[in-house]
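Visitor: What follows is a single structure, and I will ask about it in a moment.
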Amino acid sequence: MANSASITELRADSARAENSQREMGGEAPPGAPAAGRGDPRVAGLDADVIVVGGGLAGLQAARRMVAKGLRTIVLEARDEVGGRTKTVEVGGHRFDVGGQWTGPGQPRMYALIDELGLSTTPTYSKGKRILDLRGAISTYSGMIPRVNPWTLIVAQVGIWKIDRLCAQVPKDNPWDCPRAVEWDGMTALDWAKRNLRNDSVIAMVNGAVRVIFGTDMANLSFLHFLHYLHSGGGFAKLVESHDGQQDRWVVGGAQQLCTGMVPLAGTVHTGAPVRKITQDGDRVSVVSDKGTFTAKRVVVTVPIALADRIQYEPPLPTMRDQMTQRAGMGATIKVLALYDRAFWREAGLSGESVSTDLGTVTFDDTTPGGQAALLMFVTGSPARGWSERPAEERRRFVLDTLVRYFGEQARTPTHYLENDWAAEPFILGAPIATFPPGTLSAFGPALRAPVGRIHWAGTETALDSTGFMEGALESGDRVAQEVLSLVEVA
């Protein structure tokens, strides 16, 4: 009988478990003033800057500002830092149930990995892949699935069209695109129906969209779709593992990137969800469950939809308020099934599969230490449906699907665990915030624009690798420079 563990019963490591219940006072890097509890207050303020959110964006911003001499407090709602990264330990092996991958063209990720003394391992891609296209299963090698030749031609032409159009959308200000209003006035599905005109190709593109965005083409602004693809390097790079955005992953888990930055980030409070931000003259006050803190500036790095749940005084401008009201988080359930051996490799399979109907994608997630594992994403509208079902029904669906692709041996994992990101109260979904039609063209300029003493960051605000961990780090760097240009170091 398999040992089953829910995600809440697992702990990533003893250090994180200890830190999750207390305040973490970071040590400043050499040359920077000590930041945190022992500092004398300047002008009656608790800090120069308060950062809301202890994920990659928030901690990157905090450590950059601390390094320049600013006193910084980070307020993280959950009981541990990490944001949309989350690493768990099972049987002595560590797995990511949140953000996981990196790839070429992500310099900040590789720099941070090197700085923290971590390493990466390539995503396993040897063997045949599986495509479940509208209920018909086929295997293939390389990048070209074994489908009807005409379907392949339409798919390739469609990808070429998409990449050509996305290059016309500015990375910094997509709303300035000459066709912004036109493209923002339709969904990605609207465009696909008019231009692809092939149900199988549309199904394949929608399957990719579910994984990339956590939602379906019918819910997604075509302008937002094109902008995201341009930011990520094009359609193929976003969906590929080898030499794509899923090329490698951090050995020991991506959450180490966040825990590793804590000592450099000033004072970090966990278990401190922010309820209200008030701007009053030359200061801001931030009300959290760990108390009220005052500073010269505040940086909000939580997901856009979550930022909308904070009370602001005075209220946010209409542009910003309307944008956050319209942003919705994607739906993703990430599942791990561990086995005694990687039997799919023995059968010549890579572990990769995509289903256009079920909304699932799988990867081989076997650790460098040899713990065999299959990883499954349930995404988009299917994920929203399964979120409402009992856990045992979800488990049965997942294992039935794995058996469908990899054989009866997949039915009996040694361990099974899942993380439903839509059920995370301080995240609300994954992988990213998405925009429906009519949002970016009308309210997009408010995405990064400061509101008085409030500044914004997070992977959705990045120019490159939007939605990825690299994008979160980029946004942290950008907002740190923004604040440093306005705040005088004492």
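The values are calculated or read from the model by the stated rules, or taken from the named source; none is laboratory data. Quick caveat: nothing in here was measured; it's all calculated off a predicted structure. Cβ: placed from backbone, ideal geometry, glycine included. Neighbour counts: every protein chain shown.
Visitor: Take segment 137-167 and flag every residue that is among the small types (Gly, Ala, Ser) and either modelled with pLDDT of 95 or more or buried (at least 17 other Cβ atoms within 10 Å of the Cβ) (or both).
Guide: Result: Ser138, Ala155, Gly158, Ala167.
Visitor: Just give me the residues in segment 300-312 being crowded, with 17+ Cβ neighbours inside 10 Å, of a type outside the set (Gly, Ala, Ser), farther than 13 Å from Gly452 by Cβ and touching a strand residue (DSSP E or B) at 6+ places or on another chain (Cβ under 7 Å), in sequence order.
Guide: Scanning segment 300-312 gives Thr301, Val302, Pro303, Ile304, Ile310.
Visitor: In segment 267-287, how many residues are more than 24 Å from the chain's Cα centre (by Cα) and buried (at least 16 other Cβ atoms within 10 Å of the Cβ)?
Guide: Total satisfying the criteria: 9.
Visitor: While we're looking at this one, here's another question. Go through Gln311, Gln322 for me and flag whichever is of a type outside the set (Val, Ile, Thr), touching a Phe, Trp or Tyr at 6+ places or on another chain (Cβ under 9 Å), at pLDDT 95 or above and not assigned by TED's automatic domain parsing to the domain that holds Glu393.
Guide: Gln322
Visitor: Pull out all pairs, ordered by first then second residue, where Cβ-Cβ is under 8 Å, the residues are six or more apart or on different chains, the first lies in segment 105-117 and is part of a helix (DSSP H, G or I), and the second is of a type in the set (Asp, Glu).
Guide: Pro107/Glu470; Arg108/Glu470; Arg108/Glu474; Arg108/Asp477; Met109/Glu470
Visitor: I'm told Met1 meets every condition in (1) within 19 Å of Lys334 (Cα to Cα); (2) modelled with pLDDT under 90 except one. Can you identify the failing condition by its number?
Guide: Met1 satisfies every listed condition except (1).
Visitor: Would you mention how many residues in segment 63-88 are in contact with a strand residue (DSSP E or B) (Cβ under 9 Å, 6 or more places away or on another chain), over 25 Å from Met329 (Cβ atoms) and either among the hydrophobic types (A, V, I, L, M, F, W, C) or at pLDDT below 95 (or both)?
Guide: 4
Visitor: While we're looking at this one, here's another question. Hey, does segment 142-150 have a residue that's of a type in the set (Lys, Arg) and either within 28 Å of Ala430 (Cβ to Cβ) or out of contact with any strand residue (DSSP E or B) (no Cβ under 6 Å at 6 or more places or on another chain) (or both)?
Guide: no
Visitor: Can you pull out the residues in segment 66-116 that are over 16 Å from Gly458 (Cα atoms), more than 19 Å from the chain's Cα centre (by Cα) and surrounded by 24 or more Cβ atoms within 10 Å (Cβ to Cβ)?
Guide: Those that are over 16 Å from Gly458 (Cα atoms), more than 19 Å from the chain's Cα centre (by Cα) and surrounded by 24 or more Cβ atoms within 10 Å (Cβ to Cβ): Val66, Leu70, Arg71, Thr72, Ile73.
Visitor: Please list, ordered by residue number, the helices (runs of 4 or more DSSP H) wholly in segment 329-433 having 3 or more residues that are surrounded by fewer than 20 Cβ atoms within 10 Å (Cβ to Cβ), out of contact with any Phe, Trp or Tyr (no Cβ under 9 Å at 6 or more places or on another chain) and modelled with pLDDT of 95 or more.
Guide: Passing ranges, in order: 380-387, 391-406.
Visitor: Considering segment 434-472 alone, what residues qualify as being of a type in the set (A, V, I, L, M) and outside any helix (DSSP H, G or I)?
Guide: Of everything in segment 434-472, those that are of a type in the set (A, V, I, L, M) and outside any helix (DSSP H, G or I) turn out to be Leu447, Ala449, Val451, Ile454, Ala457, Ala462, Leu463.
Visitor: Now for a separate question. Name every residue in segment 134-149 that is under 22 Å from His242 (Cβ atoms), in a loop (DSSP other than H, G, I, E, B), in contact (Cβ under 8 Å) with a residue 12 or more places away in the chain and out of contact with any helix residue (DSSP H, G or I) (no Cβ under 8 Å at 6 or more places or on another chain), in order of residue number.
Guide: Answer for segment 134-149, where residues must be under 22 Å from His242 (Cβ atoms), in a loop (DSSP other than H, G, I, E, B), in contact (Cβ under 8 Å) with a residue 12 or more places away in the chain and out of contact with any helix residue (DSSP H, G or I) (no Cβ under 8 Å at 6 or more places or on another chain): Ser141, Arg146.
Visitor: Please go through segment 202-249 and give me each residue that is touching a Lys or Arg at 6+ places or on another chain (Cβ under 7 Å), within 24 Å of Asp172 (Cβ to Cβ) and assigned to a helix (DSSP H, G or I), ordered by number.
Guide: His230, Ser231
Visitor: Please specify each residue of segment 91-131 satisfying the condition of being closer than 28 Å to Trp344 by Cβ and acidic (Asp, Glu).
Guide: Answer for segment 91-131, where residues must be closer than 28 Å to Trp344 by Cβ and acidic (Asp, Glu): just Asp96.
Visitor: Could you go through segment 239-252 and let me know if any residue there is of a type in the set (Val, Ile, Thr), buried (at least 23 other Cβ atoms within 10 Å of the Cβ) and within 19 Å of Ala62 (Cα to Cα).
Guide: No; the residues of segment 239-252 include none that is of a type in the set (Val, Ile, Thr), buried (at least 23 other Cβ atoms within 10 Å of the Cβ) and within 19 Å of Ala62 (Cα to Cα).
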